[in-house]
Amino acid sequence: QVQLAESGGGLVQTGGSRILSCTSSGSIFRLLVMGWYRQSPGKERELIAYILTGNETHYADSVKGRFTISRDNAQSKVYLQMNDLKPEDAAVYYCNVGRYYINTYHPSEYWGQGTQVTVSS
C-alpha cells in the first residue's frame, strides 16, 4: 500500500516561488512514476507534471518553463518547484503514483491529501 503526503503549500505573491514536496512510503520509490496534479474550485483535477523512473520529465503547457518536477530516490520524495506564480496557479496540489504506457501518464488510485497554494495578486 503506497502512502503519499504533500507539504509546502501556502500563500505566495504573484511572481513568487514555492516548492512543494511529496513523501512516499510503502513501495520502492525509485520504481515509481510520479505525477503532480492540481485542482481549483469548479474545475477538474489536471495533470501538470510527471517524472519517469529515468528522470524524464513532462509538463502541461500551462506550467512549462515555470515549474520543475524532480525526485530524490534516496529520500523517497518528489518535488515541484514553482516559479513566476500567477493567480491562476492557485489550487490544491496533489501528488500521485502513476503508470506510463502508450506515451501517456495514467494515474493510479494512490493520492496524497493535497496541499493548498494560494496566489495573491
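The values are calculated or read from the model by the stated rules, or taken from the named source; none is laboratory data. Being a predicted model, the structure only gives us computed values, none of them experimental. Reconstructed Cβ throughout: ideal geometry from the backbone, glycine too, with neighbour counts over all protein chains shown. Accessible surface areas use protein heavy atoms only, side chains included; no ligands, DNA or RNA. Shrake-Rupley method; radii C 1.70, N 1.55, O 1.52, S 1.80 Å.
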Do we find a residue being surrounded by fewer than 22 Cβ atoms within 10 Å (Cβ to Cβ), more than 22 Å from N55 (Cβ to Cβ) and within 13 Å of the chain's Cα centre (by Cα) anywhere in region 82-91? no
Of D72, D61, the only residue that is open to solvent by less than 60 Å² (accessible area, probe 1.4 Å) and not β-branched (V, I, T) is D72
For V119, work out the one condition from (1) of a type in the set (A, V, I, L, M); (2) in a strand (DSSP E or B); (3) within 14 Å of the chain's Cα centre (by Cα) it doesn't fulfil. (3)
What residue, among those in region 104-121 that are surrounded by 19 or more Cβ atoms within 10 Å (Cβ to Cβ) and in contact with a Ser or Thr (Cβ under 9 Å, 6 or more places away or on another chain), is farthest from Q1 (Cα to Cα)? V119
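Can you pull out the residues in region 28-45 that are touching a strand residue (DSSP E or B) at 6+ places or on another chain (Cβ under 6 Å) and open to solvent by less than 70 Å² (accessible area, probe 1.4 Å)?
Step one: filter region 28-45 for residues touching a strand residue (DSSP E or B) at 6+ places or on another chain (Cβ under 6 Å), giving 32-40, 45.
Hits for region 28-45 are L32, V33, M34, G35, W36, Y37, R38, Q39, S40.
Consider V78 carefully, then state whether it is open to solvent by less than 20 Å² (accessible area, probe 1.4 Å), more than 16 Å from P107 (Cβ to Cβ) and of a type in the set (A, V, I, L, M, F, W, C).
Working: open to solvent by less than 20 Å² (accessible area, probe 1.4 Å): yes; more than 16 Å from P107 (Cβ to Cβ): no; of a type in the set (A, V, I, L, M, F, W, C): yes.
No: the conditions fail for V78.
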Which numbered condition trips up I19, out of (1) among the β-branched types (V, I, T); (2) under 17 Å from S108 (Cβ atoms); (3) surrounded by fewer than 15 Cβ atoms within 10 Å (Cβ to Cβ)? (2)
The correct count of residues that are open to solvent by less than 60 Å² (accessible area, probe 1.4 Å) and either without any contact (Cβ under 8 Å) to a residue 60 or more places away in the chain or on the phi > 0 side of the Ramachandran plot (or both) in region 93-103 is 0
Per the filter on region 1-35, residues over 20 Å from E88 (Cα atoms) and aliphatic (A, V, I, L, M) are V2, L4, A5, I28, L31, L32, V33, M34
Could you check region 5-63 for strands (runs of 3 or more DSSP E) lying wholly inside it with 1 or more residues that are charged (D, E, K, R) and in contact (Cβ under 8 Å) with a residue 12 or more places away in the chain? 18-25, 33-39, 46-51
